[in-house]
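Down below is the structure, laid out as structure tokens.
Please treat every number below as a calculation from the coordinates, not as lab data. Please read these numbers as outputs of a predicted model, since none were measured by experiment. As a convention, Cβ positions derive from the backbone with ideal geometry for all residues, glycine included, and neighbour counts pool all protein chains shown.
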Amino acid sequence: MVSGQYPIEQVAVGQAPPGDRCGETGPAYDGRMSDAAPDRILMFGAEWCRDCRRSKALLDREGVAYDYVDLESVDDGADRAFAVSGRTQIPVVVFPDGSHLVEPSDAELSAKLPLD
């Protein structure tokens, strides 16, 4: 992934690009909450990224409320993900406690999910 080479605009939470079977619809992420400590889980990813699709599918399966920023669609999405993680790998999953994971395994991501 090369930062700065993505066409950008906002997408609805969980809105999947054409051909992506993951994701639920929800209110649009409006960028007003902090990327470093969001109100709920915030995931930066892209449709072409296998790890992103896998992490997104896990969140959907578990019924976790989250906001999704598609780096292919959201203006400055790649820069925002980099600002949180200091890395260019995706997905970047940010939690309300301010912690984040980069390219998490299913086990790592599951361990950070809220217990209901």
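Would you mind ranking 73, 105 so that the residue whose beta carbon has the fewest other beta carbons within 10 Å leads the list? Display every interim value, and only then the final one.
Values: 73 18, 105 13.
The order, fewest Cβ neighbours first, is 105, 73.
Which ordering of 70, 97, 35, 79 is given by a fewest-first count of other beta-carbon atoms within 10 Å?
In order of increasing Cβ crowding within 10 Å: 97, 79, 35, 70.
What does a probe at residue 37 reach in segment 80-111, counting residues whose amide N is under 12 Å from the point 7 Å along Cα→Cβ?
96-99
Which length gain, in nm to one decimal place, applies between residue 112 and residue 83 when the Cα-Cα distance is subtracted from 0.36 nm times their residue separation?
8.4 nm
When 69, 64 are ordered from fewest to most other Cβ atoms inside 10 Å of their Cβ, what list results?
Taking fewest neighbouring Cβ atoms as first place, the list is 64, 69.
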